[in-house]
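Below is one structure, written out as structure tokens; the observations come after it.
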Amino acid sequence: MKNLDSVLAAYLAGWAIFFVYYISVSQRMSTLREEVERLKALLSKGSSK
Amino acid sequence: MALFANTTVLLGKELRTEFRSRELLTTTVVFILVVIVLFSFTFDPSVGESRKFGPGLLWLSFLFAASLMLQPCFLREQNNDTLSALRLAVQDPFSIFLAKLSANTVFLLLTEVLMLPIFAILYNVHILAVFPQLVLVLFLGSLGVAIPGTAFSAISAQARMRELMLPLLLLPLLTPVLIASTEATSGLLAENPGLRIDWLGFLAGFDIVFLTALWLFGEYLLEE
Amino acid sequence: MTKSIARAAVLFALIAATAYLAFNYAPIEKSMGVIQKIFYLHISCAFSAFVAFGTCFYANLRYVFTREPKADWLSVSAAEVGLAFISVVLVSGPIWAHPVWGIWWTWDARLTLTFVLGLLYLSYLLLRSMIEEPDKRALFSALFGIFAFLDVPLVYFSIRWWRTQHPQPVILGGPGSGLEPRMRVSYLLMWGALTGLLILLLSARYKLEALRASVEDLRREAEVR
């Protein structure tokens, strides 16, 4: 079982890249959602005046 | 034949603008000179070493110089607000690109031909016997740089940090040009010089592919 | 939200199953040994990356001709996800090459093409971040994307003709016809799992871009008031 650690490292690295990318997408998503809420609140306040 | 008539008029305009001040040409020549001198410190420029590394560094310096030189091509029109007038004046917007890329090819070729003897003297390579063939390689290579370069100059003119964006967009795309023209040039600078028809054909193919793409998509590049 | 979690869970189970198959079910390759198991990940990721960049090219063309914002959203998503897959390819490749070839990297045609492709799409994303106005950003980045994709075969052939004049380290054919059946099953499953991952990431990124477009609209509306 020579080189097994290399194989594991490759699979782990691949998994980590996808995981980090997915997390970054969902993080950007949640900041944008907050922004939408904020803007909507701003707009509805402006229109009620 | 309105395309060619328009193109020649516009080409005349491009050349006149440049040769009135010669700003672009002088700065590019000095830039290439600086790069060529600086490169000599990175290896031992003996005859053998120069044959090995010379063509590559020559083309690399041409590529870097071109990515700086192509910058004002569309920026000038944008700054003076002349692009829309230009578009109204021609029948086919492709003639604007054709004129600009021909002008850029002429400028590149001029600086390259000027730099070639200096490069030959500084790096101990013989170019006199193969000068016409070298000019052919330079022409096809410069055309390959100028076609996507002119297109990307229109793209980068729209962006922030445009001075950095143009080299960033252009240089990776020019990988095939760099390889082909370096190989063709080192074939001519070798001990038994020979013209590498295969690489010249490749360069011509590159030029045709991107010229066709520019012909198909050029009009969209001029939208504002 | 729960739907997306469920989808991610299914995908995760699929990937775990394929990893199990690749390690325990597929036989160990004779000449290379256990290190060959990296191929299941490496090749499937490369395939997904090329599919993603192909999608990006398609979306670029579609945007130029139809001007639908949706095509622009698809193209940026595909470029970004393709870059994620390409980086897995570029990381797993050297990890395989080091024990087998004794070097981390060689400027072979396929390796170089992958690298240049990654660079081209990196500049594509950078260009997008440098143009403010949405319509302009979409149009000009799409045009760059079209030029970049046209360059791919040219890069590949130039490097192949150039490097074949030099001696190569080991050249490996792709998983050819003589594939062991259990290996083929593992490849197919890994390929399926990673295509699923590609679709999941693509749809998540696409939703993000759609949301960003609506935020830009709202912001403009707020400025007008």
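We did not get these values from a lab; they are worked out from the coordinates using the rules stated. All values reported here derive from a predicted model rather than from experimental measurement. Here Cβ is always computed from backbone atoms with ideal geometry, including for glycine, and neighbour counts include all displayed protein chains.
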To the nearest 10 degrees, how steeply does helix B:2-21 sit against the main Cα axis of chain B, on a 0 to 90 scale? 60 degrees
Could you tell me how many degrees, from 0 to 90 and to the nearest 10, lie between the Cα long axis of helix C:2-20 and the main elongation axis, the longest principal axis, of the Cα atoms of chain C? 20 degrees
For each of C:35, C:103, count neighbouring Cβ atoms within 10 Å of the residue's Cβ, then give the residues from fewest to most. C:103, C:35
Please arrange C:223, C:209, A:34 by counting, for each residue, the other beta carbons lying within 10 Å of its beta carbon, fewest first. C:223, A:34, C:209
Residue by residue through the range C:51-66, what is 3J(HN,Hα) from phi via Karplus (6.51 cos²θ - 1.76 cosθ + 1.60, θ = phi - 60°)? Round to whole Hz and write x for glycine and proline. 4, 5, 5, x, 4, 4, 4, 4, 5, 4, 4, 4, 5, 4, 8, 10
Given 4 °C, 1.567 mPa s and a Kirkwood radius over Cα pairs, the Stokes-Einstein diffusion coefficient of chain B in µm²/s is 72 µm²/s
Expressed as a whole number of Å, what is the distance separating the alpha-carbon centroids of the range A:1-27 and the range B:1-57? 46 Å
Looking only at other chains, what is the average number of their beta-carbon atoms within 10 angstrom of each beta-carbon in B:149-157? 3
When we measure straight from the Cα of residue A:45, which aspartates and glutamates land under 16 angstrom away, once same-chain ones fewer than 8 places off are left out? A:35, A:37, C:221, C:223
Just to be sure I understand the model, the point goes 7 Å from the Cα along the line to the Cβ. What's the resulting residue B:198 to residue B:136 distance in nm? 1.7 nm
Other chains near C:127-138: what is the mean number of their Cβ atoms within 10 Å of each residue's Cβ? 3
Pop a pseudo-label 7 angstrom from the Cα along the beta-carbon direction at both residue B:223 and residue B:8 and give the gap in nm to one decimal. 3.4 nm
Can you put C:190, B:165 in order, fewest other beta carbons within 10 Å first? B:165, C:190
Computed magnitude of the charge dipole of chain B (debye, nearest 20; Cβ of K, R +1, Cβ of D, E -1): 280 debye
Which lysines have a Cα lying under 29 Å from the Cα of residue A:40, excluding residues fewer than 8 positions away in the same chain? A:49, C:3, C:70, C:136, C:207
